[in-house]
Amino acid sequence: AAALVNPQFLPQGHPLHGLCGVGTAYQLARALLGEFGRGDQAAELLDLVALGTLADVADLGGDNRPLVQLGLRRMREQPRPAFQAILEQAGSTAGSPMDEVIGFTIAPRLNAVGRLDDANPMVAFLLESDLHSARTTAARLEGLNAHRKMLGDQVYQAARAQLESEPELAERAAVVLSHPAWPGGVVGIVAGRLAELLHRPVLLLTAPPDGPARGSVRSIEGVDITAAIAEN
């Protein structure tokens, strides 16, 4: 690499140390825009910073918090056609706090694309200036999100059925379940639901007979699942 841009190389107490991925991308973009005399354009990106930070459930300490505050203000005052179109499709009512709108309406629909399809077209969608065109894409997002919910419910019910047929699995320190046909894009969501239900870490795997198993794990407070996996 010609350069590494990672705020965690900074000292622990530095306000940029905990900057999340989208905030890091923003600071790099802001620096580059400044180099080319276009620094005033950086403010146009702040709503995307707020979206990415809240959708990623990033810690709101250090510089993450003021960037989110500025981004939410921009989102309220100058909403992108993409956001307007999503809220129209979702039937979202006016008056909800913007952070809740992102967490429960906008982010799940954008995430559904990456879980079930190619997420790259979302870049063009977020940059779309025409509301009519944005509405066409938002309608597709609404359908994908509904499909994602249906698949998630199916995997959840299948996992619960496995636990009912083998109740000893739910008594282990961590619950590990697998199925050859579970869609990889939703197993993380279902693992989170099961972790809340069972109060222990849950790992769900898609395990096709002709290839490697892939999955997602969700833990609970007090259990460092990354360290646990590394030890095993």
State which residue is farthest from the chain's Cα centre (by Cα) when the search covers only segment 29-67 and only residues that are on the phi > 0 side of the Ramachandran plot and exposed (fewer than 12 other Cβ atoms within 10 Å of the Cβ). 37
Residue 202 touching a strand residue (DSSP E or B) at 6+ places or on another chain (Cβ under 6 Å), surrounded by fewer than 16 Cβ atoms within 10 Å (Cβ to Cβ), under 13 Å from residue 160 (Cα atoms) and at pLDDT 90 or above: no
Restricting to segment 68-97, count the residues that are under 29 Å from residue 13 (Cα atoms), open to solvent by 20 Å² or more (accessible area, probe 1.4 Å) and among the aliphatic types (A, V, I, L, M). 2
Within segment 197-232, how many residues turn out to be outside any loop (DSSP other than H, G, I, E, B) and either polar (S, T, N, Q) or without any contact (Cβ under 8 Å) to a residue 24 or more places away in the chain (or both)? 8
Residues in segment 1-21 that are in a helix (DSSP H, G or I) and either in contact (Cβ under 8 Å) with a residue 24 or more places away in the chain or buried (at least 18 other Cβ atoms within 10 Å of the Cβ) (or both) total 2
Taking residue 178 and the conditions (1) out of contact with any Gly (no Cβ under 9 Å at 6 or more places or on another chain); (2) surrounded by 11 or more Cβ atoms within 10 Å (Cβ to Cβ), which numbered condition does it fall short on, given that it satisfies the others? (1)
Would you confirm, using the coordinates I've provided, whether residue 22 is within 21 Å of residue 114 (Cβ to Cβ) and touching a Phe, Trp or Tyr at 6+ places or on another chain (Cβ under 8 Å)? no
Looking at segment 22-76, which of its residues are acidic (Asp, Glu) and in a loop (DSSP other than H, G, I, E, B)? 56, 59, 63
Kindly indicate whether residue 133 is polar (S, T, N, Q), over 17 Å from the mean Cα position of the chain (by Cα) and part of a loop (DSSP other than H, G, I, E, B). no
So, residue 131, is that one more than 17 Å from residue 217 (Cα to Cα), touching a helix residue (DSSP H, G or I) at 6+ places or on another chain (Cβ under 6 Å) and either surrounded by fewer than 16 Cβ atoms within 10 Å (Cβ to Cβ) or touching a residue at least 60 places away in the same chain (Cβ under 8 Å) (or both) or not? yes
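The values are calculated or read from the model by the stated rules, or taken from the named source; none is laboratory data. What you are looking at is a predicted structure, and each value in this text was computed from that prediction instead of being measured. Positions of Cβ are generated from backbone atoms using ideal geometry, with glycine treated the same way; all protein chains shown enter the neighbour counts. SASA here: full protein model, heavy atoms, side chains in, ligands and nucleic acids out. Shrake-Rupley method; radii C 1.70, N 1.55, O 1.52, S 1.80 Å.
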